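One structure is given here, and the rest of the page talks about it.
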Amino acid sequence: MLILSPHVKQAPRLIGALCVLSVLAGQAAGADGTSSDPVSPSHARTAQEQARINAVTAPTRDFTAPEPFEANQGGAGTVADTGDDTVFSLPPATLPLDDQFDFELGHALFAKLWVSSPSSTKASDGLGPLFNARSCMSCHVNDGRGHPPEHVEDSRVSMFLRLSVPAAPDAPMSQIETYLADLDGPNATPRTRPVPGYGGQLQDFAITGHAAEGRMEITYTETPVTLADGETVMLRAPSYTISSPAYGALPKDLQTSPRVATAMIGLGLLEAIPVADLLAHADPEDRNGDGISGRPNLVWSEQERAPMLGRFGWKAGEPSVEHQSAAAFHGDIGISTPLFPTGFGDCTAEQVACRAAPDGAGDVRGDEIDQTGLDLVTFYARNLAVPTRRDVDDPEVLRGKEMFYTSGCASCHVPKFVTHRLAGASAVSQSFQLIWPYSDLLLHDMGPELADNRPEGRATGREWRTPPLWGIGLTAQVSGATTYLHDGRARTLMEAVLWHGGEAQAARDAVSLMPKPDRAALIRFLESL
């Protein structure tokens, strides 16, 4: 495995990133014909394969009929719509029989309710002391999206606030900060630090004997938006406060970022997209003048002890499915893993009682979840299948697809990729698949209205990762609520479109100028995904 030096001062900034990421992605084949990608070891593509891939992933110009295999969004492992809320919780149709037991074990750990220590339930203790949820499934409702509370008394369990403060100018630099400072120079994104006494996220639950950090409160202000044909759409702008802060006054320079839990489907397929194919859509200087840039987030991997491309999370802050799973155990539930071994989760040095509380580590497991358990959860998350498209040949859906392309939505919501030809029998469901995620996994400036003004890694306070759209039409069926965007402010898909700004302003304006039948067709297309 190749580990890079964090210093690439001699190379041009973007080229440096490309070279580094190419090394991490294993773009160069090894002597045995496989690449050295630490997350997705793969076989190098032949020239003939690459030519076929270029042809099949080229944007379509024919909207009179579906493209070949378009209904199979998740490749050969695509599963049928069950018609109920279990449709996001299925393994790929291609998962080998021998692997299905591991999938079920991973599901059991994903749904497990953790308890506080000490407990007679030794395999399930270690919760908190501060936490946002007692299980992974509590946030990812039926493996789908979370949603904001609609009423004051509603649970906040599938949504939370990330917290930070600006880093002091003389704060020691981490390895990734040093790397990004070398790479981006004076344009480097401002650094942040956890909030003293509160950490990196607001945890609104605590075990007995400890106080929850506070409670996220949301109020909305409604504003009418009139479209070109006179139709009015009401948009609700959220405002966030924290009530009952229990660990001291919150700082005046507090940075907050609301996040609902993301859908879990297709994560292993997204992980298997070659880095070079994603970076082919990056244009940070907007050299083609289309108003769309797209930047890769570069984040630190505790697993590889090196910078890697961020792929997961609302700001692409996580490099791999395993890293994302371990970080969520650490921050959301307070459970230690080999990647994040502290038993007190996100508690800060100022939260002395929290750090001194008993935890569940130190028995035969070592960490509260050992590597075997983390592997099972990762396997489950990596193998949640993508459901098939509905009504893919419906004339209105095809018209909506044409509107999606002609309005410019496909510039960021890139329709299709072909995954790596992966090495290893356990990755058969993700290997060399034509997939349709409708995302480039890159960062885009989405304008001031959607900005959280909180940097994360290389992402600025206005940038968000393009979220995959596959499965978005099943949101209500799976999660029981129809809310969209990072904070669930949009109650309909049209509201979500109209919140787009920044690089997406032109596409948003094109939609607002459409005749009503074309807008309806666009929504029908999105609902078919």
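The values are calculated or read from the model by the stated rules, or taken from the named source; none is laboratory data. Only a predicted model underlies this, so the values are computations on that prediction, with no experimental measurement involved. As a convention, Cβ positions derive from the backbone with ideal geometry for all residues, glycine included, and neighbour counts pool all protein chains shown. Remember, those area values only see protein heavy atoms, side chains included, never the ligands or the DNA or RNA. Shrake-Rupley method; radii C 1.70, N 1.55, O 1.52, S 1.80 Å.
Would you mind counting up the charge near Ala451? Only other residues with Cβ under 10 Å from its Cβ, with Lys and Arg at +1 and Asp and Glu at -1.
On the way: positive: Arg454, Arg462; negative: Asp445, Glu449, Asp452, Glu463.
Within the 10 Å Cβ shell, the charges total -2.
Please calculate how many Å² of accessible area the chain carries per residue, with a 1.4 Å probe and no DNA, RNA or ligand atoms counted.
With the other protein chains kept in place, the chain gives 40 Å² per residue.
So which lysines can Lys416 reach, going by Cα to Cα under 26 Å and dropping same-chain residues fewer than 8 places off?
Lys315, Lys401
How high is the relative contact order of the chain, given as a whole-number percent (alpha carbon pairs under 8 Å, six or more residues apart)?
Details: 1135 pairs, mean separation 114.4, N = 529.
In percent, rounded to a whole number, it is 22.
Could you work out how far apart the two model spin labels at Val364 and Thr232 are, taking each label as a point 7 Å from the Cα in the direction of the beta carbon, and quote it in nm?
The two pseudo-label positions are separated by 6.7 nm.
Can you compute the modelled spin-label distance between Val352 and Phe101, with each label point 7 Å from Cα toward Cβ, in nm?
Each label point lies 7 Å from its Cα, and together they span 5.0 nm.
Using a basic spin-label model with each label point 7 Å from the Cα along Cα→Cβ, how many nm lie between Thr492 and Ser244?
3.7
What lysines could a cross-link reach from Lys112, if we take a straight Cα to Cα line under 22 Å and drop same-chain neighbours fewer than 8 places away?
Partners found: Lys122.
Take the Cβ-Cβ distance between Gln303 and Arg193 as r, set R0 to 25 Å, and report the resulting FRET efficiency rounded to the nearest 0.05. Each step should come with its number before you reach the end.
Details: r = 23 Å, r/R0 = 0.91.
For Gln303 and Arg193, the calculated efficiency is 0.65.
Using the 2.2 N^0.38 Å rule of thumb for compact globular proteins, work out how segment 139-256 stacks up: its C-alpha Rg over that value, please.
My calculation over the Cα atoms of segment 139-256 gives 1.41.
Given the peptides 182-195, 66-79, arrange them by the average over their residues of other C-beta atoms within 10 Å, most packed first.
On the way: 182-195: 15.9, 66-79: 19.7.
In decreasing order of mean packing, 182-195, 66-79 become 66-79, 182-195.
For segment 86-213, what value does the Rg/Rh ratio take when both radii are computed over Cα atoms and Rh is the Kirkwood radius, given to two decimals? Walk me through the intermediate numbers first.
Details: Rg = 19.8 Å, Rh = 18.3 Å.
We get a ratio of 1.08 for segment 86-213.
Quickly rank 381-388, 325-332, 441-448 as a protection proxy: mean count of other C-beta atoms within 10 Å, highest first. Mind dumping the intermediate values first?
On the way: 381-388: 25.0, 325-332: 23.5, 441-448: 22.0.
Taking the mean over residues of other Cβ atoms within 10 Å, the ranking is 381-388, 325-332, 441-448.
Output wanted: per-residue J couplings in Hz (rounded whole) for segment 286-295, from phi through Karplus 6.51 cos²θ - 1.76 cosθ + 1.60, θ = phi - 60°, x for Gly and Pro.
These are the phi-based 3J(HN,Hα) values: 6, 5, 8, x, 8, x, 10, 9, x, 10 Hz.
How many Å³ per residue does the convex hull of the Cα positions in segment 200-345 occupy? If you can, show how the numbers build up before the last one.
Details: hull volume 30.3 nm³, N = 146.
Cα-based convex hull of segment 200-345, divided per residue, equals 208 Å³.
So if we plug the beta-carbon distance of Ala510 and Thr178 into 1/(1 + (r/R0)^6) with R0 = 41 Å, what FRET efficiency do we get, rounded to 0.05? Walk me through the numbers before you get to the answer.
Values: r = 42 Å, r/R0 = 1.02.
The formula returns an efficiency of 0.45 here.
Can you tell me the order of 109-115, 413-419 when each peptide is scored by its average per-residue count of other Cβ atoms within 10 angstrom, highest first? Each step should come with its number before you reach the end.
Numbers: 109-115: 18.4, 413-419: 22.6.
Going by the mean number of other Cβ atoms within 10 Å, highest first, we get 413-419, 109-115.
Considering amide H positions built from the backbone, and no H for Pro or chain starts, which residues 5 or more places from Ala490, or on another chain, come under 5 Å of its amide H?
The list, which skips near neighbours in sequence, is Tyr484.
Beyond 33 Å, what share of the Cα-Cα pairs of the chain remains, rounded to the nearest whole percent?
Working: 54346 of 139656 pairs.
Roughly 39 percent, once rounded to a whole number.
Determine ³J(HN,Hα), in whole Hz, for all residues of segment 103-116 in sequence, where each value follows from phi through the Karplus function 6.51 cos²θ - 1.76 cosθ + 1.60 and θ = phi - 60°; x replaces Gly and Pro.
Calculated HN-Hα couplings, in order: 4, 5, 5, x, 4, 4, 5, 5, 8, 4, 8, 7, 10, 6 Hz.
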